[in-house]
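K.L.:
What follows is a structure written as structure tokens; I'll ask about it next.
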Amino acid sequence: MNAPATSNVHMPASQPARAALEIADLQAWYGESHILHNVNITVQQGEVVTLLGRNGAGRTTTLRAIMGLTGARKGSIRINGTEAVSLPTHRIAHLGVGYCPEERGIFSSLSTEENLLLPPTLKTGEKGMSIDEIYDMFPNLKERRNSQGTRLSGGEQQMLAVARILRTGARLLLLDEISEGLAPVIVQGLARMIRMLKAKGYTIVMVEQNFRFAAPLADRFYVMEHGQIVETFAASELNAKMPVLTELLGV
Ligand SMILES: Nc1ncnc2c1ncn2[C@@H]1O[C@H](COP(=O)(O)OP(=O)(O)OP(=O)(O)O)[C@@H](O)[C@H]1O
Ligand SMILES: [Mg+2]
């Protein structure tokens, strides 16, 4: 007789396997435009997952829908087990999510350190990284601690945008195209940052156009097309999936 598929009787009650993010049948609209069509994504705690797709596929919209920043949403978005699909953005953030939008959103008139002092601590009980921890992880930012946001290079601004999220205590990071427009040497620095965050147990969802950057970092991949997930596979399947990816993404 087959064991029931959902049986977890052997799992210690104190350590339930819990997904950091479970998106089920998510639909999202901008006004009248129906953009996401039944998106399903599950990310376990500590995983790095990359969302790939061509321009306009719906990757940014997926991150924005998780944060409650689109128009209407339908379906389910569970963050650390809590249903978030009808919560407002600030309540969603307090479930432990940090969103780094493509436009980075750092305060250009403030210094690096002032930017790092601004973020609130989320109500998750997780302490955010201290300024010293941030400077250990991003020595460049320490050197530039008194520089105004506008004076930072693109790479430094990107690191500051991520560092600011780490200050809040968010453990689930949604990163939109962090490598975009940056020189290869800077992108290598971002790859090191992702590895460090993974080693510290952060859960990361990365939207990426830069396949070469994402490929060696991700545990699993999702591919979107026309607001739907059309492929999902693990890093171990990457080689076998290359022909499909070439077709879907032109990589
Ligand atoms: N604010 C908006 N209002 C109406 N439609 C939008 C809005 N933002 C995006 N869209 C549309 O939603 C679709 C998905 O866009 P999205 O920004 O999610 O794509 P993407 O996968 O992030 O690609 P890229 O970043 O390369 O543009 C596109 O057709 C886009 O035109
Ligand atoms: Mg986008």
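K.L.:
Which entries of K74/K127; K142/K198; K198/K241 have Cα-Cα distances beyond 26 Å here?
P.N.:
Over 26 Å Cα-Cα: K74/K127.
K.L.:
Can you list residues from other chains, or at least 5 along the same chain, whose modelled amide H is less than 5 Å from the amide H of E231?
P.N.:
It is V223, by chain and number.
K.L.:
Could you pull out every whole DSSP H run in the chain that spans at least 18 Å of Cα extent along its own axis and averages -1.0 or higher on the Kyte-Doolittle scale? Provide the component values of the computation, followed by the final result.
P.N.:
On the way: long enough: 154-167 (20 Å, 0.11); 184-199 (22 Å, 0.88).
Sorted by number, the helices that extend far enough and score high enough are 154-167, 184-199.
K.L.:
Also, quick follow-up: Report the extension gain between R195 and Y30 in nm, rounded to one decimal, defined as 0.36 nm multiplied by the number of residues separating them, less their alpha carbon distance.
P.N.:
Stretched out fully, the R195 to Y30 stretch lengthens by 56.0 nm.
K.L.:
Antiparallel as a % of all DSSP beta bridges within the chain, to the nearest 5?
P.N.:
Taking every DSSP beta bridge within the chain, about 55 percent pair in antiparallel fashion.
K.L.:
Calculate the spin-label point distance for R212 paired with H37, positioning each point 7 Å from the Cα along the beta-carbon direction, and give it in nanometres.
P.N.:
3.4
K.L.:
Continuing with this model, one more query. If I histogram all Cα-Cα distances within the chain using bins 10 Å wide from 0, what percent of pairs lands in each bin?
P.N.:
7, 30, 35, 22, 5, 1, 0
K.L.:
Take the alpha carbon atoms of segment 29-46, find their center, do the same for segment 49-71, and report the distance between the two centers in whole angstrom.
P.N.:
For segment 29-46 versus segment 49-71, the Cα centre distance is 7 Å.
K.L.:
Also, quick follow-up: Tell me the relative contact order for the chain as a rounded percent, counting alpha carbon contacts under 8 Å between residues six or more apart.
P.N.:
On the way: 456 pairs, mean separation 64.2, N = 251.
Normalised by residue count, the contact order of the chain is 26 percent.
K.L.:
Turning to a different aspect of this structure: Treat each spin label as a single point 7 Å out from the Cα along the C-beta direction, and report the S108 to T89 distance in nm.
P.N.:
Here the answer is 1.9 nm between the modelled labels.
K.L.:
Using a 7 Å offset from the Cα along the Cα-to-Cβ direction at both V251 and S153, what is the distance between the two label points in nm, to one decimal?
P.N.:
2.5
Bear in mind these aren't lab numbers, they're just calculated from the coordinates by the rules spelled out. What you see is a predicted model, and the numbers here were worked out from it, not measured in a lab. Using ideal geometry, Cβ is built from the backbone for each residue, glycine included, and neighbour counts are taken over all protein chains shown.
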